[in-house]
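What follows is a short report on a single structure.
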Amino acid sequence: MEDLIKKLVFAFGPSSKEEAVKKIIRAEIEQEVDEISEDKFGNLVAHIKGSGEKLMLAAHTDSIGIIVTDIDKNGFLRFSEIGGLRKSFLIGQKILLENGIEGYVFYEDKESPWEVKEPKMEKVFIDIGATNKARAKEMVQIGTLGVYLPNFIRNDSRIIAPSMDDRIGVYVLIEVIKNLKKRKSRFDLFFVFTTQEEVGVKGAKVSTFEITPDLGIAVDVTFSGDTPECKPMALSLGNGPAVKVMDGGMIASKEIKDELIKTAKQEKISYQLEVLTGGTTDAYAMQLTKSGVMSGAVSIPARYVHTSGETIDTNDVAGAINLLKKYIEK
Amino acid sequence: MEENLLKELTDKFSPSGGELSVHATIKRELTGFADRIDSLKNGSLVAIKKGFPGKCSLMLDAHIDEVFAIITGITEEGFLRFFSESIDQKIFPGIIVIVHGRKPIKGIIGIKPAHLVTEEETKKAIEINELFIDCGLDKKDIEEIVTVGDFVSFNSSFSKIGNCYSNKSFDDKLGAYVIIEALKKLKRTSPLVNIISHFSSQEEENFYGAITSTYALKPDFAIAIDVTHAVSPGVSADEAFEIGNGPVIFVGPSVDRVIVNKLIKTAENFNIPFSKEVDIFSGTDAIGIQTVQEGVPVAVVSIPLRYMHTPVETADQSDIENTVNLLTQFIGSIDDSFMEELYGEH
Amino acid sequence: MANIELIEKLSNAFGVSGDEREVRNLIRETIKGYVEGIFVDKIGNLVALKGMEKPGPKIMLNAHMDEVGLIVTKIDEKGFLFFKKIGGLDDRVLLGKRVIVGEKRVKGIIGAKAIHLQQKDERNKTIEYKNLFIDIGAKSKDESEKLCPSGSYVVFDTQFEELSMGKYIGKSFDNRLGCAIVSELLTEEFNFPVIALYTVQEEIGLRGASVGAYNYTPDISVTLEGTISADMPEIKDHLKVSRLGAGPVITIKDRSVITDHQLREKMTSVARKQNIPFQFKQVVAGGTDSSKIQLTKSGVKVLVVAVPARYIHSPVSLFYMEDYENTKKLVREFIKSM
């Protein structure tokens, strides 16, 4: 399990440049599906033919990141965010840029030289160790994208790494495809590895229009309520995958929610219920397409979402794979 | 006023996603007044009245979902944590709610007694995650009935005060009521256009019903009937409307000029009192309807409502009746030249 | 050579989000001899079709017709008009400006209190738009209501003119400059089908573009805009967004969209080959129609190119004609290179 997750985490893929992630996915599932192709928007669509209703499962390949907007006269880089970068967790982070160059994020510290008072995008910069502007311009250009420098910590059943959102969802879908008893599937299956979710659930919107599924399930991360003095939330790492009830953008389809819960109970899979008060997923884009798609989600509880140390429990991941597999097979 | 119908509609609990609970009531009321009535997969209810020649369709829209709270956790002592997107946290202390678990059970939301509270504390609103629903049960017992994700409603409190009616969920079952009563009045007439009455789902969440139904039904133009704010102490005439002055017609860049002008002319011709609400967006299903596929010309008519998103939403009987009247007369005066103007503009 | 007359007419035209009729009619008159089909869609967008029978990728040229402005909400007993803002407008540019109100194009003034009458602490406080008003010289509510009823739209009363050699001032360069470029390009011949989409209600949330590409959906769309140039004193270099005189501004990412990487690289290589100066939009700010066109049906590849202008979203902005010319040239050469 670990190896593939690590491979996915280390793949460079900020919104709009997900090629490296898609390459890995293709290699893993090409032999297991009937058709695989990339649509106009770059979504990777894998089709496992079946009779029955069209079910679209979505996990997004992109992660949050940064975009270089200026190279100043001394070779420092100014940048802007891609997706919901949490500014409080930016300064002091290492960044990996598209072409392999790494750098360190710091801030204009004149007003507060030792501690950061108020992180603002206009006041941060990246030092890539270039000695002057000309050297910097040899290494990067305006428009170069970057992500948090990938790293990977594994202890017990926990993994700490950037981009768990949503490489862990991608991993879950890959494993569902590999472990699925395809002949038992009660759906015509479309596994969509979407692009540009973090900047407006864009890939999912156009892909759903193209496929016109009857049902949609997104696999993404959600928050948890199990760290010291945290905002109360009834989700904990290790208590199983979460079935979505509602989030900041939508109310999950009752039919899908109930069916997932029924499956979990029947198969004795521990599960939790997700009520998220802020944030949404590809399921939101799916739901509002055309004359409507009944949509829900299976979520992996995660700590420190949208930072460089997103943390999940592999038991929840295994539970999610099993739950989806059993949901599809009947 | 069909008081009993209004009470029935608003007493029932229909949170976003749970609109089915009021479908039967509306179906029953509209039987005999529409040519077909269907519950849609997205939770909306649609009733279609054929027009003559019925080449085009007007969609009348009102949302039948109401605001709600949702259970987010159960404490060791058996108290329920909850959250609400659209209800002011200051409403909750001291009320009775219904938790819709395996079966509906009553709960109350109380606050700390006086001797534990400082003067300063009383000046601050209690955050929603510091409030708990007390159903008088311990953890084991409550867990038999309630789980995280269950919905919570206000207890019903239908009343008539002066010339006004009050209850939860007048937003927007007043709109549904208005459409029902208008259809009843139109029984003997045949409008030029088909009338699609759309009782929509999940407006309070993300316009799911309005957007997806419009895609399926493809109306040629639409009018949303919703509520707007009414004047009360602390809410001035700068930001709200007096009750008793009739329906409010929305004017602004996100509605269609031709439909709006016709609504205004209709009100003037039939001596129906009205006001104009001028703003950028109406905050109604019209926003979702307007940008489906190739676009739909929309307008919005609202009933002034005090205390929106509380258990005691209050509206004036004459405003409700005048809105029914405006809608009925508008539909009755749709003629070929109006349709030409609507399309000529486009 | 730029059609300065066209730019002037477009800039002076009355077209706040919600009432773009005058701009739409003007554009219609201008382009009708050069295109095969013209129609207005259900939300008010103007769509023009040229060369639809030609093979190859369908190319859309998009520009929004609306400008930011005001809308009259209430009239007081004395006949003063109170208003709301349409689109993003800083309250601080409203005070003491001349405006034009409503269908009857009534002239008005946003009144400002004389300095003599102000308390010390009043002097450095911004007056919120809620407390501003328009004076049309009427003496009663009735009089005002007959001339400009509530719901009337309001634009700034600014005339287009040359400030100094090749530098022009006027209102609504965001986005009449984009409209002018699209209209000028339509007079030329291309080897591909071209769909021109002039949208409405962009400034209030890209509403027109949400439906504008539904009926005639392109493969590639280029949005023409008038964008922020903040190259003013005391603005840090990395926050200037773009600079006047440095050529068309190409967007990589704004608040609403990431433009197509491959197409953008093609465009910049065309610029280099043809020696057309260009710059990248250096601050991720603003949203454009491109983001909605991008998500039409199964998706569209989009680009955004803009003429830099100072002080957009205010009563008077400034642009350089050379930037306009180079923007037009760049888009023309890009399409030709397909």
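The values are calculated or read from the model by the stated rules, or taken from the named source; none is laboratory data. It should be emphasised that the depicted structure is a prediction, and the values quoted were computed from it without experimental measurement. In this analysis, Cβ positions are derived from the backbone assuming ideal geometry, glycine residues included, and neighbour counts consider all displayed protein chains.
Which numbered condition trips up residue A:122, out of (1) within 14 Å of chain C (Cβ to nearest Cβ); (2) touching a Ser or Thr at 6+ places or on another chain (Cβ under 7 Å)?
(2)
Do we have residue A:183 as modelled with pLDDT under 95, assigned by TED's automatic domain parsing to the domain that holds residue A:297 and of a type outside the set (Gly, Ala, Ser) here?
Here the answer is yes, as residue A:183 does meet what is asked.
For every residue, the table says whether it meets (1) small (Gly, Ala, Ser); (2) touching a Gly at 6+ places or on another chain (Cβ under 8 Å); (3) within 11 Å of chain C (Cβ to nearest Cβ); (4) farther than 13 Å from residue A:196 by Cβ.
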{"residue": "A:17", "(1), (2), (3), (4)": "no, no, yes, no"}
{"residue": "A:20", "(1), (2), (3), (4)": "yes, yes, no, yes"}
{"residue": "A:23", "(1), (2), (3), (4)": "no, no, no, yes"}
{"residue": "A:29", "(1), (2), (3), (4)": "no, no, no, yes"}
{"residue": "A:44", "(1), (2), (3), (4)": "no, no, no, no"}
{"residue": "A:49", "(1), (2), (3), (4)": "no, no, no, yes"}
{"residue": "A:58", "(1), (2), (3), (4)": "yes, yes, no, no"}
{"residue": "A:86", "(1), (2), (3), (4)": "no, no, no, yes"}
{"residue": "A:90", "(1), (2), (3), (4)": "no, no, no, yes"}
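What's the number of the only condition in (1) more than 13 Å from every other protein chain (Cβ to nearest Cβ); (2) more than 27 Å from residue A:91 (Cβ to Cβ); (3) surrounded by 18 or more Cβ atoms within 10 Å (Cβ to Cβ) that residue A:312 fails to meet?
Answer for residue A:312: the failing condition is (2).
Output the residues belonging to segment C:272-296 that are within 12 Å of chain A (Cβ to nearest Cβ), assigned to a loop (DSSP other than H, G, I, E, B) and not small (Gly, Ala, Ser).
Matches in segment C:272-296: C:278, C:281, C:282, C:283, C:284, C:295, C:296.
List pairs: first residue in segment A:69-91 and among the small types (Gly, Ala, Ser), second residue at pLDDT below 95 and part of a helix (DSSP H, G or I) anywhere in the structure, Cβ distance under 8 angstrom, at least six positions apart or on different chains.
A:80/A:121
Any idea which of B:134, B:141 is modelled with pLDDT of 95 or more, more than 27 Å from the chain's Cα centre (by Cα) and closer than 23 Å to residue A:271 by Cβ? Full working, then the answer.
Details: B:134 fails: closer than 23 Å to residue A:271 by Cβ.
Within the list B:134, B:141, the selection yields B:141.
Which condition number does residue B:38 fail, the rest of (1) surrounded by fewer than 16 Cβ atoms within 10 Å (Cβ to Cβ); (2) modelled with pLDDT under 95 being met?
(2)
Please enumerate the residues belonging to segment A:186-244 that are of a type in the set (Val, Ile, Thr) and surrounded by fewer than 19 Cβ atoms within 10 Å (Cβ to Cβ).
Passing the criteria: A:212, A:227.
Looking at segment B:252-265, which of its residues are crowded, with 22+ Cβ neighbours inside 10 Å and within 11 Å of chain C (Cβ to nearest Cβ)?
B:252, B:253, B:254, B:255, B:256, B:260
Filter segment C:17-40 down to the residues that are surrounded by fewer than 24 Cβ atoms within 10 Å (Cβ to Cβ) and closer than 28 Å to residue C:101 by Cβ and list them by number.
Of everything in segment C:17-40, those that are surrounded by fewer than 24 Cβ atoms within 10 Å (Cβ to Cβ) and closer than 28 Å to residue C:101 by Cβ turn out to be C:21, C:22, C:24, C:25, C:26, C:28, C:29, C:30, C:40.
Is at least one residue of segment A:285-302 surrounded by fewer than 21 Cβ atoms within 10 Å (Cβ to Cβ) and part of a helix (DSSP H, G or I)?
no
In segment A:237-245, is there at least one residue being in contact with a Gly (Cβ under 7 Å, 6 or more places away or on another chain), of a type in the set (A, V, I, L, M) and within 24 Å of residue A:86 (Cα to Cα)? Walk me through it before giving the result.
Looking only at segment A:237-245, we keep the residues that are in contact with a Gly (Cβ under 7 Å, 6 or more places away or on another chain), and these are A:240-241, A:244-245.
Among the residues that remain, those that are also of a type in the set (A, V, I, L, M) are: A:245.
Okay, now just the ones that are also within 24 Å of residue A:86 (Cα to Cα), so none.
Taking every residue of segment A:237-245 in turn, none turns out to be in contact with a Gly (Cβ under 7 Å, 6 or more places away or on another chain), of a type in the set (A, V, I, L, M) and within 24 Å of residue A:86 (Cα to Cα).
Could you grab me the full set of residues in segment C:300-337 that are closer than 17 Å to residue C:266 by Cβ and of a type in the set (Asp, Glu)?
Residue satisfying the conditions is C:333 alone.
Please report, ordered by residue number, the strands (runs of 3 or more DSSP E) entirely within segment B:80-163 with at least 2 residues that are in contact (Cβ under 8 Å) with a residue 60 or more places away in the chain and surrounded by fewer than 19 Cβ atoms within 10 Å (Cβ to Cβ).
Values: elements: B:80-83, B:96-100, B:104-109, B:151-154, B:159-161.
Filter on segment B:80-163 gives B:159-161.
Among the candidates C:35, C:16, C:23, single out the residue that is within 13 Å of another protein chain (Cβ to nearest Cβ) and β-branched (Val, Ile, Thr).
Exactly one of C:35, C:16, C:23 is within 13 Å of another protein chain (Cβ to nearest Cβ) and β-branched (Val, Ile, Thr), namely C:16.
Return the residue satisfying two criteria in turn: it lies in segment C:181-220 and is more than 14 Å from chain B (Cβ to nearest Cβ) and under 15 Å from residue C:295 (Cβ atoms), and of such residues it is surrounded by the fewest Cβ atoms within 10 Å (Cβ to Cβ).
Here the residue is C:219.
In segment B:11-40, what residues are in a loop (DSSP other than H, G, I, E, B) and under 13 Å from residue B:198 (Cα atoms)?
B:40
Which of the residues that make up segment B:194-219 are buried (at least 24 other Cβ atoms within 10 Å of the Cβ) and assigned to a strand (DSSP E or B)?
B:195, B:197, B:198, B:199, B:200
How many residues are of a type in the set (Asp, Glu) and either within 18 Å of the chain's Cα centre (by Cα) or on the phi > 0 side of the Ramachandran plot (or both) if we restrict to segment C:76-109?
Residues in segment C:76-109 being of a type in the set (Asp, Glu) and either within 18 Å of the chain's Cα centre (by Cα) or on the phi > 0 side of the Ramachandran plot (or both): 1 in total.
Counting only residues that are more than 25 Å from residue A:201 (Cα to Cα) and touching an Asp or Glu at 6+ places or on another chain (Cβ under 8 Å), which one in segment A:77-104 is surrounded by the most Cβ atoms within 10 Å (Cβ to Cβ)?
Only one residue tops the list, namely A:77.
Tell me, yes or no, whether segment B:24-42 has at least one residue that is farther than 30 Å from residue B:332 by Cα and either away from chain A (no Cβ under 14 Å) or among the aliphatic types (A, V, I, L, M) (or both).
No, the conditions are met nowhere in segment B:24-42.
Of everything in segment C:143-168, what is free of Cβ contacts under 8 Å to residues at least 24 places away in the same chain and either in the same structural domain as residue C:19 (by TED's automatic domain parsing) or not in a loop (DSSP other than H, G, I, E, B) (or both)? Give them in sequence order.
The answer is C:146, C:161, C:162, C:164.
Any idea how many residues of segment C:53-74 are more than 30 Å from residue C:188 (Cβ to Cβ) and in contact with a Pro (Cβ under 8 Å, 6 or more places away or on another chain)?
2
Is there any pair linking a residue in segment C:298-327 that is free of Cβ contacts under 8 Å to residues at least 12 places away in the same chain to one that is of a type in the set (Phe, Trp, Tyr) and part of a loop (DSSP other than H, G, I, E, B), with Cβ under 8 Å and at least six apart or on different chains, and which?
C:298/A:41; C:299/A:41
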